[in-house]
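S.K.: Following this message is one structure expressed as structure tokens.
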Amino acid sequence: MDFSRVELSPEDQAFRDETRAFIAKHVTDEVLHRQLELGENFDEQVHLALGEAGYLESDWKLESEGGFSPVRRRVFQLEIARAHTPWYHWGTTSVVARLVRQFGAPELAEQVVPGVLSGEIRLCLGYTEPEGGSDVATCKTRAVRDGDGWIINGSKMFTSNAQNARYVFLLTNTDPQGRKHRNLTMFLVPLDSPGIEIQGIRTLDGDRTNIVYYSDVRVDDRYRIGEVNGGWTVMRAALDSEHGIVDPEDHGLQYIAAMSAHGDLMAEVVDTVAAAAAQPGPGDRRPLDDDSVKYRLGRAAARMEAALSAPGMFGRVAIAQTMRDITPDLMDILGTASALPTEVAGSATDGAAEHLYRLALPLGIYGGTLEVFRNMIAQHELKLGRPSYGG
């Protein structure tokens, strides 16, 4: 029996066909071109259509709550990925909405969650600060009690999708003299609040992110998520999901590591380069006839398969590191035309390898740098103790 394939029931086949038709209708060439131009990884019309059709609600809920079955969830994820649908920020919105329901006031959850599932409300993350790096617990953005509310001052870096979001899941320091990790409080701050300024930043891989400034921003206490100075408990739940160390489901169809969807993109590019290398060139000779090309393609494919098979934090590191390591070989196999980006005349494989090369760099810092994750693996998985940075 081939355990790598799942035989779909007639009902699940119909769901797959309906999903493909929906995506073909909404993820148009115009949508993909706009994503290339703006780099937002988000398209409002596509997102609203997903909400109206019930896909967002079904993806957000567990099967026991009326959500997708494991098979349909996997079908949906694969079809969304194959179409290069610009919807990465749904993952952020989905996680934050769960935290609002788990830690926020019931009336706040009632205010936010229905709009999240309809696609009208999007959420973003306000963690990193301009001088904070991966250690978000060094937070300097201040929230000070003011009657029945709070006054927030500070700034946050890499607040992706803030320009399309209704709220930001904001980490603040509510006790500057308190112990580290015990002086933090989380808020869900409306982004239309007076005193908030969003400035766009374009990254190396072409994506847009933002720096957001908070100047005397007043937030009612009902927007607080969790206890005062108990923000690290809330934060850890969010980070565990982002880092890929939540308990895996047991049906075997789920992604087993964070960034696995980016791994799917890597696999697609490896296949594309292999197909291009099999095409005859000058003198009717194929690049694949060169033993060096065969070796490097085989090595890239083997490393890619190993990375996609690595679970949890191991997979998080393996996918990003493998992408960084194999893309120079893939571009070299294609030749100098591989340096030309998508939609440029003469670009090899329409810039697929070039885009992967640029994506590989920021992928190593999403949710924390690879060095941070390696330290986490050493401490928490291999029990090697805390690292020493002394001379």
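S.K.: Taking interchain pairs and intrachain pairs at least six residues apart, which have beta carbon atoms under 6 angstrom, with the first residue in the range 154-181 and in the same structural domain as Tyr223 (by the TED database) and on the phi > 0 side of the Ramachandran plot and the second part of a strand (DSSP E or B) and of a type in the set (A, V, I, L, M, F, W, C)?
M.R.: Close Cβ pairs satisfying both conditions: Asn161/Cys124.
S.K.: Can you pull out every residue in the range 313-369 that is free of Cβ contacts under 8 Å to residues at least 12 places away in the same chain and more than 17 Å from Ala276 (Cα to Cα)?
M.R.: Passing the criteria: only Val344.
S.K.: Residues being surrounded by fewer than 18 Cβ atoms within 10 Å (Cβ to Cβ) and assigned to a helix (DSSP H, G or I): count how many of those fall in the range 289-311.
M.R.: Initial filter on the range 289-311 (surrounded by fewer than 18 Cβ atoms within 10 Å (Cβ to Cβ)): 289-292, 294-295, 298-299, 301-302, 305-306, 309, 311.
Next, only the ones that are assigned to a helix (DSSP H, G or I) stay: 289, 291-292, 294-295, 298-299, 301-302, 305-306.
Of the residues in the range 289-311, 11 are surrounded by fewer than 18 Cβ atoms within 10 Å (Cβ to Cβ) and assigned to a helix (DSSP H, G or I).
S.K.: Within the range 327-334, is there a residue that is open to solvent by less than 30 Å² (accessible area, probe 1.4 Å), farther than 30 Å from Leu288 by Cα and in contact with a Phe, Trp or Tyr (Cβ under 7 Å, 6 or more places away or on another chain)?
M.R.: Looking through the range 327-334, none of the residues is open to solvent by less than 30 Å² (accessible area, probe 1.4 Å), farther than 30 Å from Leu288 by Cα and in contact with a Phe, Trp or Tyr (Cβ under 7 Å, 6 or more places away or on another chain).
S.K.: Could you list, in sequence order, all residues of the range 54-68 that are in a loop (DSSP other than H, G, I, E, B) and open to solvent by 30 Å² or more (accessible area, probe 1.4 Å)?
M.R.: Step one: filter the range 54-68 for residues in a loop (DSSP other than H, G, I, E, B), giving 54, 61-62, 66-68.
Passing the criteria: Lys61, Leu62, Gly66.
S.K.: Can I ask one more? Residues of the range 344-381 being assigned to a loop (DSSP other than H, G, I, E, B), at pLDDT below 90 and either open to solvent by 40 Å² or more (accessible area, probe 1.4 Å) or assigned by the TED database to the domain that holds Gly132 (or both), which ones? Spell out the reasoning first.
M.R.: Start the filter on the range 344-381 by keeping residues that are assigned to a loop (DSSP other than H, G, I, E, B), which leaves 344-347, 364-369.
Those left that are additionally at pLDDT below 90: 364-369.
Those that are assigned to a loop (DSSP other than H, G, I, E, B), at pLDDT below 90 and either open to solvent by 40 Å² or more (accessible area, probe 1.4 Å) or assigned by the TED database to the domain that holds Gly132 (or both): Ile365, Tyr366.
S.K.: Which of the residues that make up the range 81-100 are assigned to a helix (DSSP H, G or I) and over 16 Å from Leu56 (Cα atoms)? Talk me through it step by step, then tell me what you get.
M.R.: First, pick out the residues of the range 81-100 that are assigned to a helix (DSSP H, G or I): 81-82, 89-100.
If the condition is that a residue be assigned to a helix (DSSP H, G or I) and over 16 Å from Leu56 (Cα atoms), then Arg82, Leu99, Val100 are the ones that fit.
S.K.: Sticking with this one: Take Ala105 and tell me if it is surrounded by fewer than 24 Cβ atoms within 10 Å (Cβ to Cβ) and either under 13 Å from Arg224 (Cα atoms) or among the acidic types (Asp, Glu) (or both). It would help to see each step written out before you state the result.
M.R.: Working: surrounded by fewer than 24 Cβ atoms within 10 Å (Cβ to Cβ): yes; either under 13 Å from Arg224 (Cα atoms) or among the acidic types (Asp, Glu) (or both): yes.
Yes, satisfied.
S.K.: From the list Arg316, Arg324, pick out the single residue that is touching a Leu at 6+ places or on another chain (Cβ under 8 Å), in a helix (DSSP H, G or I), assigned by the TED database to the domain that holds Tyr366 and closer than 18 Å to Gly367 by Cβ.
M.R.: Values: Arg316 fails: touching a Leu at 6+ places or on another chain (Cβ under 8 Å).
Every option except Arg324 fails the conditions.
The values are calculated or read from the model by the stated rules, or taken from the named source; none is laboratory data. From a predicted model like this one, the values you see are computed outputs, not experimental measurements. All Cβ positions, even for glycine, are placed from backbone atoms using ideal geometry, and neighbour counts span all protein chains on display. Areas reflect the complete protein model, heavy atoms only, side chains present, ligands, DNA and RNA absent. Shrake-Rupley method; radii C 1.70, N 1.55, O 1.52, S 1.80 Å.
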